[in-house]
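To keep things clear, I will list the structure first and then write my remarks on it.
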Amino acid sequence: MDIRPEKPNDVEAIRGITKSAFASAAHSSQTEPQIIDALRQAGALTISLVATEEDEVLGHVAFSPVTIDGEDKGWYGLGPVSVRPDQQRQGIGERLVRDGLSRLQNMGAMGCVVLGDPGYYQRFGFRTDDRLVFADAPTEYFMRLVFTEPLPSGQVRYHDGFNAS
């Protein structure tokens with residue numbers, strides 16, 4: 001399996017995988033494919049990686065900038081991350097996330113936030129922290145990973161692309 005940046009001809013596969021991966025997710029608003037498209041169109045899809053095997057896209061992960069108290073502090077949000085349903089639980093998502101986090105660090109990012117399952121994201125070093133707040137999210141599901149100190153504090157806001165519908 002290879003992990004590489006998305007190419008223009010991957011866009012339809014990314015949409016399909018994202019749609020099917022979130023189809024039965026209780027927490028999903030079913031807008032994840034539109035979010036990725038909106039981020040891409042706005043030039044805010046900082047990192048967009050696909051996992052491929054024999055040129056077939058199996059999974060995708062996105063990273064985009066976030067603001068903290070309305071300021072760019074060099075932090076990014078992870079997500080959405082999706083893996084084709086018939087390929088889940090084989091480590092593809094984990095490899096995508098690890099590769100993406102490594103790329104963020106290499107580009108000088110200060111840190112990353114994620115809204116997701118603590119049981120999954122803690123393996124990457126994500127931790128809850130009451131200094132970073134995301135409105136309308138249960139505290140235990142909003143986590144941060146610090147690459148470079150100091151840790152900022154305040155209200156985190158994802159890119160407007162997350163309001164896509």
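Look through the range 54-87, keep the residues that are surrounded by fewer than 21 Cβ atoms within 10 Å (Cβ to Cβ) and polar (S, T, N, Q), and return whichever of them is farthest from the chain's Cα centre (by Cα).
Looking at the filtered set, the residue picked out is Q87.
Exactly one of (1) buried (at least 19 other Cβ atoms within 10 Å of the Cβ); (2) over 19 Å from H159 (Cβ atoms); (3) not hydrophobic (A, V, I, L, M, F, W, C) is unmet by R98. Its number?
Evaluating R98 over (1) buried (at least 19 other Cβ atoms within 10 Å of the Cβ); (2) over 19 Å from H159 (Cβ atoms); (3) not hydrophobic (A, V, I, L, M, F, W, C) leaves (1) as the failure.
Within the range 1-45, track down each residue that is modelled with pLDDT under 90 and in contact with a strand residue (DSSP E or B) (Cβ under 6 Å, 6 or more places away or on another chain).
Within the range 1-45, A21, E32 meet the criteria.
In the range 111-165, which strands (runs of 3 or more DSSP E) lie fully inside it and hold 2 or more residues that are free of Cβ contacts under 8 Å to residues at least 40 places away in the same chain and touching a Phe, Trp or Tyr at 6+ places or on another chain (Cβ under 9 Å)?
Working: elements: 111-115, 142-146, 154-158.
Those strands (runs of 3 or more DSSP E) span 111-115, 142-146.
How about the range 120-135: which of its residues are more than 18 Å from the chain's Cα centre (by Cα) and not basic (K, R)?
Initial filter on the range 120-135 (more than 18 Å from the chain's Cα centre (by Cα)): 129-131.
Of everything in the range 120-135, those that are more than 18 Å from the chain's Cα centre (by Cα) and not basic (K, R) turn out to be D129, D130.
Which of the residues belonging to the range 97-116 are at pLDDT 95 or above, under 10 Å from the mean Cα position of the chain (by Cα) and not β-branched (V, I, T)? Give the derivation first.
Narrowing the range 97-116 to residues at pLDDT 95 or above: 97-114.
Keeping just the survivors that are under 10 Å from the mean Cα position of the chain (by Cα) gives 97, 100-101, 112-114.
Answer for the range 97-116, where residues must be at pLDDT 95 or above, under 10 Å from the mean Cα position of the chain (by Cα) and not β-branched (V, I, T): G100, L101, C112.
If you scan the range 63-75, which residues turn out to be out of contact with any Pro (no Cβ under 6 Å at 6 or more places or on another chain) and not charged (D, E, K, R)?
Taking the range 63-75 as the starting set, the residues that turn out to be out of contact with any Pro (no Cβ under 6 Å at 6 or more places or on another chain) are 63-67, 69-72, 74-75.
Selection gives F63, S64, P65, V66, T67, G70, G74, W75.
Test A21 against the criterion of being in a helix (DSSP H, G or I), in contact (Cβ under 8 Å) with a residue 40 or more places away in the chain and surrounded by 22 or more Cβ atoms within 10 Å (Cβ to Cβ), and give yes or no. Spell out how you get there, then give the answer.
Details: in a helix (DSSP H, G or I): yes; in contact (Cβ under 8 Å) with a residue 40 or more places away in the chain: yes; surrounded by 22 or more Cβ atoms within 10 Å (Cβ to Cβ): yes.
Against the criterion (in a helix (DSSP H, G or I), in contact (Cβ under 8 Å) with a residue 40 or more places away in the chain and surrounded by 22 or more Cβ atoms within 10 Å (Cβ to Cβ)), A21 qualifies.
Can you tell me which residue within the range 30-44, out of those that are of a type outside the set (G, A, S) and part of a loop (DSSP other than H, G, I, E, B), is farthest from F147 (Cα to Cα)? So that I can check it myself, show each step before the final result.
First, the residues of the range 30-44 that are of a type outside the set (G, A, S): 30-37, 39-41.
Imposing the further condition that a residue be part of a loop (DSSP other than H, G, I, E, B) reduces the set to 30-31.
Working: Q30: 31, T31: 29 Å.
If we take residues in the range 30-44 being of a type outside the set (G, A, S) and part of a loop (DSSP other than H, G, I, E, B), then Q30 is farthest from F147 (Cα to Cα).
State all residues of the range 4-18 that are surrounded by fewer than 18 Cβ atoms within 10 Å (Cβ to Cβ) and under 23 Å from M107 (Cα atoms); if no residue qualifies, say none.
R4, P5, K7, P8
Would you call V57 touching a Leu at 6+ places or on another chain (Cβ under 8 Å), more than 16 Å from F147 (Cα to Cα) and among the aliphatic types (A, V, I, L, M)? Talk me through it step by step, then tell me what you get.
Values: touching a Leu at 6+ places or on another chain (Cβ under 8 Å): no; more than 16 Å from F147 (Cα to Cα): yes; among the aliphatic types (A, V, I, L, M): yes.
It is false that V57 is touching a Leu at 6+ places or on another chain (Cβ under 8 Å), more than 16 Å from F147 (Cα to Cα) and among the aliphatic types (A, V, I, L, M).
The values are calculated or read from the model by the stated rules, or taken from the named source; none is laboratory data. Predicted model only: the values in this text are computed from it and were never measured. Ideal geometry is used to build each Cβ from the backbone, glycine not excepted, and the neighbour counts take in all protein chains shown.
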